[in-house]
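Since every read-out is calculated from the coordinates, none of them should be taken as a lab result. Quantities reported herein were computed from a predicted structural model and do not represent experimental measurements. Here Cβ is always computed from backbone atoms with ideal geometry, including for glycine, and neighbour counts include all displayed protein chains.
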Amino acid sequence: MTKQQIQDQLLTIFSTVEGNTITAEHAGSCPVAGLQLFQPPLVGFGSAADPMFESYKEDGVIGPWFMAPQEWLPGAKSIISFFFPFTQAVCDGEARSQPDGTSPEWLFGRIEGQQFLLSVLQGLCGWLTAQGAAVCMPAADPRFAGITGGKTKLAHPEITSGTYSSNWSERHAAYVCGLGTFSLTRAIITQKGTAGRLGSIITDLELEPDPRPYTGLYDYCTRCGACIRRCPVQAISLEGGKLQDPCNQRSAMLRERYAPRYGCGKCQTGIPCQSRIPG
């Protein structure tokens, strides 16, 4: 099994699985019929034995609740990380939306887009399994758990009311796999920017890790401050990065307004790193 074979199969599944284009029936009264959500995904490969994964268990990085690749999949050897960039139409919709709301393009990208991403990666998992590989997709694993303001099914004394985290991080996996570095908002800046969705698969296949074309966590961030000016709730600053509480309060408000959808992409659109590495 080669990395090229995996990437080729991914693109085949991406182009054949339904859901990347919103149908008129699914759009209903929302003006998004015919909207394509994603461009073809970027792929990065990393080693499950990369010492960075163990460092993620440290306080102040992620935390001791983080599960390393071998904990998700005994015998794990490789991580495959994916970035699905939103199309220009999705980004433009959110970039021109009112500060107090979210565009329908972004709402469908956030919810229907995530469903499509999971369908594609589940298809790839099925194909890898048929080739004899063992796989685990943490985001679809029943052991996956988020932490929102300390609320979680995880039992760790280190978790407090100020904890916003999870036991697997798509962003940190993407960093290990060479896909990009962190932004001021803690999003990942890839060759296709920050506006998109991330996913990952852990496997027992021995795959050559991709080189990381960076050394620092924030190498691709120019600290230009554009995301600060875009945030409607002043949750971002040069000094402190992103504050999770005001961001989550806004998310809760938007969830109530737009149910069953939710999401905000103000800090990922209308900025230099929306669709590229800035600078």
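Some observations on this one:
- Calculated from backbone phi, Karplus (6.51, -1.76, 1.60) coupling profile of the stretch 271-279 in Hz, x at Gly/Pro: 10, x, 9, 4, 10, 6, 7, x, x
- For the stretch 31-142, the relative contact order works out to 29 percent when only alpha carbon pairs closer than 8 Å and six or more residues apart are counted.
- Under 5 Å from the amide H of Asp219 lie the amide H atoms of Phe182, each residue being 5 or more positions distant or on a separate chain, with H modelled from the backbone and absent for Pro and chain starts.
- Alpha-carbon centroids, the stretch 82-148 and the stretch 13-30: separation in whole Å: 14 Å
- For the chain, the number of Lys pairs with C-alpha atoms closer than 28 Å, counting only pairs eight or more positions apart or on separate chains, is 14.
- Dividing the convex hull volume of the alpha carbon atoms of the stretch 1-65 by its residue count gives 168 Å³ per residue.
- Distribution of pairwise C-alpha distances over the stretch 1-131, 5 Å bins, in %: 2, 9, 16, 16, 15, 13, 13, 10, 5, 1
- Rounded to the nearest Hz, the phi-derived 3J(HN,Hα) couplings of the stretch 49-61 under the Karplus curve 6.51 cos²θ - 1.76 cosθ + 1.60 (θ = phi - 60°) are 8, 4, x, 4, 5, 5, 5, 5, 7, 6, 4, x, 9, where x marks glycine and proline.
- Formal net charge of residues neighbouring Gln114 (Cβ-Cβ distance under 13 Å; K, R +1; D, E -1): +1
- For the stretch 223-279, average projected area of the Cα convex hull in nm²: 4.3 nm²
- The alpha carbon convex hull volume per residue for the stretch 172-226 rounds to 88 Å³.
- The stretch 164-279, relative contact order in percent, only Cα pairs under 8 angstrom and at least six apart counted: 32 percent
- Viscosity 1.002 mPa s, 20 °C: Kirkwood-radius Stokes-Einstein D of the stretch 115-229 over Cα pairs, µm²/s: 131 µm²/s
- Couplings for the stretch 121-136, taken from phi via the Karplus curve 6.51 cos²θ - 1.76 cosθ + 1.60 with θ = phi - 60°, read 5, 5, x, 5, 4, x, 5, 5, 4, 5, 8, x, 8, 8, 9, 8 Hz in order; Gly and Pro are left as x.
- Kirkwood hydrodynamic radius (C-alpha pairs) into Stokes-Einstein, the stretch 165-273, 25 °C and 0.890 mPa s, D in µm²/s: 160 µm²/s
- Extension gain for Tyr214-Asp8 works out to 71.6 nm (0.36 nm per residue, less the C-alpha to C-alpha distance).
- Net +/- balance of residues flanking Gly279 in space, Cβ distance below 13 Å, scoring K and R +1, D and E -1: +1
- All-pairs Cα distance distribution in the chain, expressed in whole percent, bin size 5 Å: 1, 6, 12, 16, 19, 18, 15, 9, 4, 1
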